[in-house]
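The values are calculated or read from the model by the stated rules, or taken from the named source; none is laboratory data. Model, not experiment: these values are computed from the prediction. Note that each Cβ is placed from the backbone with ideal geometry, even for glycine, and that neighbours are counted across all protein chains shown.
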Amino acid sequence: MERPVASGRTAYTVIGLVFALLLGGYFAYRTSGVILAFLLTILLSIILSAPVNYLTRRGLPRTWGVLAVIAAIGGVFWLLGLALVPAVEAQSRQFAEAFPTLLNEALALANRLQSFFGLGTKIGLDPESLSRLGQEVLTGSTVSTAAGVGLTAATVVSLAAVVFISTIYLVVRPEPWVNGFVSLFPAGWRQRTREVLQTLYHTVQRWFLGQLAAMTFIAVFWAISLSLIGVPFALLIGIFSGLISFIPYLGALISIVVPVLLALISDPFTVVWVILAFVIIQQIEGNILQPIVMSRAVDLHPALVVFAILVMGTLFGIVGVFLAVPLVAALQVLVRELWVQRMDQIGTDPNPPTKKEQSRRKLPGPISKLLKKRRA
């Protein structure tokens, strides 16, 4: 007699969950701009909290610490602007003037390769189609990206102001937010909740430090390498490569395209040096710099990162691409701390992974010793 009642309750529960998921999905779709602003606020507040917490431990009031950090960031951008803007502006102007010639030479190179391999017909340059394509890129894609998140220019400005003000308030007084969130859980779970939040906090901070160090390293050494090789617009390409490296895996592939094309157009023999410099920079950044800065905090599978970028880019445009990796890293911490550890305590795995499978990629020789000393 109890089975029909239990089955009925289960069916009602499943229907309620499905309805809640559909309602939540519709609500998220309608308020995607607000969700994007909230995610940006959380990310920026975590990033700014690290130097502010350091100044607070040194005895500086938290409000003054926030103002000092903002002033320092503004000063760094101002100095970089004084040092780089004139050179970048000059190279950008030169690149814009040389672009039609470079495009013609690139198409001629493509036609020669097609003729050599006997593939298809030659590619021609149609100025009208090129102009139409440029207008679509400048207007259509940008507008569609903003419209896809439901944003207009006024909305972007207002949300940016909300993100900035909310981030400042959240960094100045984080305790009410943290304590309020922790109080939503039963008393016996609150200490564990604080530990998980602390793990999330350190994970995102280490990710940002590693990403900032990688972007700076790639921009500087890529610009120096291309300049020594003789590739034109080295500074412009270096800055672009550093910025695009914010997108894991895909950014590195995109950054090599323009230097290789320029090398093929100017001097085909320099392509070997361009590829060699790219490989060396990527190996140093991936095998030495990232493990030292990030330690073992962020270790994401490339396929997971690519799908996260695809999903976040579809939902929130270019800003979503930048948010994909820290969001996935935070979700990975939550899954590991709240689910995997609990599952490991239930029963015994008859075929557990070996220590070799569990261990992450380690660096040989002195680098491994350096990392061990640093962790100790």
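Just a few scattered comments:
- You will find that of PHE217, PHE269, the residue that is in a helix (DSSP H, G or I) and over 23 Å from ALA83 (Cα atoms) is PHE269 and no other.
- Being modelled with pLDDT of 70 or more, under 30 Å from GLU175 (Cα atoms) and polar (S, T, N, Q) is a description that applies to THR56.
- Just one of the listed residues (GLY25, GLY65, GLY74) is within 30 Å of GLY320 (Cα to Cα), of a type in the set (Gly, Ala, Ser) and at pLDDT below 80, namely GLY25.
- Residues in region 290-337 that are of a type in the set (A, V, I, L, M, F, W, C), at pLDDT below 75 and under 18 Å from GLN198 (Cβ atoms): MET294, ALA297, VAL298.
- Reported count of residues in region 165-187, each being surrounded by 14 or more Cβ atoms within 10 Å (Cβ to Cβ), without any contact (Cβ under 8 Å) to a residue 40 or more places away in the chain and of a type outside the set (A, V, I, L, M), is 1.
- The condition of being among the small types (Gly, Ala, Ser) and either closer than 22 Å to ILE47 by Cα or modelled with pLDDT under 85 (or both) does not hold for SER183.
- Residue check, PHE246 surrounded by fewer than 19 Cβ atoms within 10 Å (Cβ to Cβ), touching a residue at least 12 places away in the same chain (Cβ under 8 Å) and not in a helix (DSSP H, G or I): yes
- Restricting attention to region 40-81, the residues that are touching a residue at least 24 places away in the same chain (Cβ under 8 Å) and either touching a strand residue (DSSP E or B) at 6+ places or on another chain (Cβ under 9 Å) or not hydrophobic (A, V, I, L, M, F, W, C) (or both) add up to 5.
- Filtered residue count, region 138-154, keeping only those that are closer than 26 Å to ILE46 by Cβ and either loosely packed, with under 12 Cβ neighbours inside 10 Å or at pLDDT 70 or above (or both): 0
- Residue among SER227, SER241 that alone is outside any loop (DSSP other than H, G, I, E, B), surrounded by 15 or more Cβ atoms within 10 Å (Cβ to Cβ), among the small types (Gly, Ala, Ser) and free of Cβ contacts under 8 Å to residues at least 12 places away in the same chain: SER227
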